[in-house]
1. How many times 2.2 N^0.38 Å is the alpha carbon radius of gyration of the protein assembly as shown?
2. Which order results if B:V188, A:V82, B:V136, A:V138 are arranged by neighbouring Cβ count within 10 Å, fewest first?
3. Please compute, for the alpha-carbon atoms of region B:70-197, the extent along each of the three principal axes and give them in descending order in Å.
4. Residue-wise, which Karplus ³J(HN,Hα) couplings in Hz belong to region A:212-220, taking 6.51 cos²θ - 1.76 cosθ + 1.60, θ = phi - 60°, and x for glycine or proline?
5. Sort A:V199, A:V120, B:V166 by Cβ crowding within 10 Å, fewest neighbours at the top.
6. Once you charge only the Cβ atoms, +1 for Lys and Arg and -1 for Asp and Glu, what is the size of the charge dipole of region A:95-334 about its Cα centre, to the nearest 20 debye?
7. If the only charges are +1 at each Lys and Arg Cβ and -1 at each Asp and Glu Cβ, what is the size of the charge dipole of chain B around the Cα centre, to the nearest 20 debye?
8. If I take the Cα coordinates of region B:122-221 and project them onto the principal axes, what are the three extents in Å, biggest first?
Amino acid sequence: MTPGGPQAQTEELPVGLPGGLTEPPQPPPTNAVEGSSTWSLLDRLGLAFCWFLGLLFCAIAAAIVIYLLIKGIQFLKPSMLVTPAAAGFTEGESGGFSDAFFGTLILGVMSLTLALPTGVAIAVWLVEYGRPKALARVTEMTVEAIAGIPSVVFALFGTVIFSSAALGFLSRTNEGVVFGRSFFAAAAMLALEALPLIVASTREGLNAIPRHVREASYGVGKTKAATTRRILLPTCRPQIATGAMLGLGRIIGDTAIIVILLGATQNFSPVEGAPFPLNYLRGAGTTLTNFVYEASPTGNLNQPDKAYAAAFVLLFIVLLLNAATDLIHSRARKAGTWSH
Amino acid sequence: MEEEFQSQYGPRWSDQRVGRLLGALVCAVVALLLALIVVVFIQGWPSFAHNGLAWFGPGGNVDEQLNVISQSAETGAGYVYTFHAWPLIWSTILIAGGSVILSLGAALFISVFLVEFAPTWMARILAPVVRFLASVPSVIYGLLGVLVLVPFIGNHLISESQKASVAGVISLTGYSLMAAVVVLTIMVAPLMVSIFTDALSSVKPGWLEGSLALGVNRWRTIWKIGVRAARPAIVAGTVLACARAIGESVMLAMLSGSTAFAPNPIDGLIFVFEPSRPLAPTIVKSSDQLSSPPAKATLFAIAAFLLFSAAIFSLTGWAARRSMNKYLAR
């Protein structure tokens, strides 16, 4: 035994070699770390501040969820999800927000079908092709710039291009004047908004695949395109899914584009004379975010109870997306990583 | 056999073709961004051209100017473009700057905590919490702000004497700089935390271990070595957060108050309770006037200004992150 037993216990790590022992020594704890007891006061105060901020963030998140949960249970009736909004003076008369709910779902699906293939294609080009180099650099900058551009700017840009005569078939047209507000317009601009997240996530996945995997595939005579489709993309499916979830979260949470490019109404306003799905998609509509914005005390409807109910539904969707992302992550981690 | 091979992997999906196809798509996206920049600037040009540099300066009441601009389309006496955006710009600087500074401090401490000090159970809670806060839609922050934070500020933090002291100038109701900055900080900090934690956890372990081996305690090691090595990422995160903060529109449209007033820090601490309206919410709030050509030009001029600043911010962040690579263990 080490001489001076009591002292040895205060040591955090065993000192010296325990030679010639009959019983095996205690292995040092694997997570042996220095405690804060020896630090100066200022350092300890700093650590306390870290704890304070960490707990504060947890408390804020918990407060948001619990508060909306309480308000949601209080005000949300299942009938609101199937009743369209109606004109009325009291909250009881003005119906529900079914159009907003379905608008969110439609818009999510539409934007993601635009953004996902485009984003994955850009990421594949950047990682696997990337020639000429100057174009790759410009593309990286473009994606980065798109990520930083405020969504109001996209929205204003959308009002210009979608009210041009050439794109009139995507929205309502009245005697040659193109209305410019439609699900198509909003979906296109939202897809642009979601694009950088999908590109970044997919790139990360592709970059994590070691070279030898590609070389093995080339070695058996596969082309680059076949390798990408059969090996690389299936391998980084979790990252693509993560990017899609993040993008979907961004699409569902955006309000400025909806207010400017889709909203102005709380109901679907299908275009007359167009075949079934197109008449709705070419018309104006609304989403949950727009409904919350308009129903809040600062909006035009001023129905705070229903705003809470819609916000609860919205938060629930966001929480589901977050849970799905976490599930994908933990599954991917269990599946293991490449050995380099 | 040969034919089947040809049809599956042959010229149809040859590398050159696929490369060119994807390249074309990439070019299209680049072209779309260029188109966006060009369109926004061209549409906003009349407003800049009529005002010159005075566009950025102070002078007059912005709300009245916007009214006159949008009505001038119908009077027949010619379009009016006179617009001095300084109160809006100043409000943007105050709100975005204030929240970015606050969240820089908070995010630094939280990411140091997450990477180095948090026990496993705490990190397992805090990491998803940060991700959740980043993904809450901005209208929800706005709604909670309007219905919870604004009444609280209006009823409990602002005293009657303070309200009376500025009664002739502006009414203090709780829609204030403070509400906007607090909520924007909660929105922006998670973005910074995610960038900072990435960088801190990929600092070369040898550097940290070297410092620890010299007897420096863990707190000072992570701040003097870890945070220093991650400096480019910290710059990048801060700059990206700036881009996000100036572009935030809906939450600020709900919380910052709806008058284009320029709070003045010289007036003492009361300025944090004063309402204002930044640039991005102005676009959202006036978007129903887009049908009036001079108002449209003015709004596009605001958008062009935002676009320019955001692009500068995000490209700076991109450049800073690229220079990060040499510090990291990757």
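No value in this document is a laboratory result; all are computed from the given coordinates. In this text the structure is predicted, and so the values were computed from the model without any measurement. Neighbour counts are summed over all protein chains in view; Cβ atoms, including those assigned to glycine, are modelled from backbone coordinates with ideal geometry.
1. Output field value: 1.06.
2. A:V82, A:V138, B:V136, B:V188
3. In descending order, the Cα extents are 68, 40, 23 Å.
4. 5, 5, 5, 5, 4, 5, 4, x, 8
5. On the way: A:V199 30, A:V120 24, B:V166 15.
Result, fewest neighbours first: B:V166, A:V120, A:V199.
6. For this selection, approximately 1240 debye.
7. So the dipole magnitude of chain B works out to roughly 1160 debye.
8. 64, 30, 22
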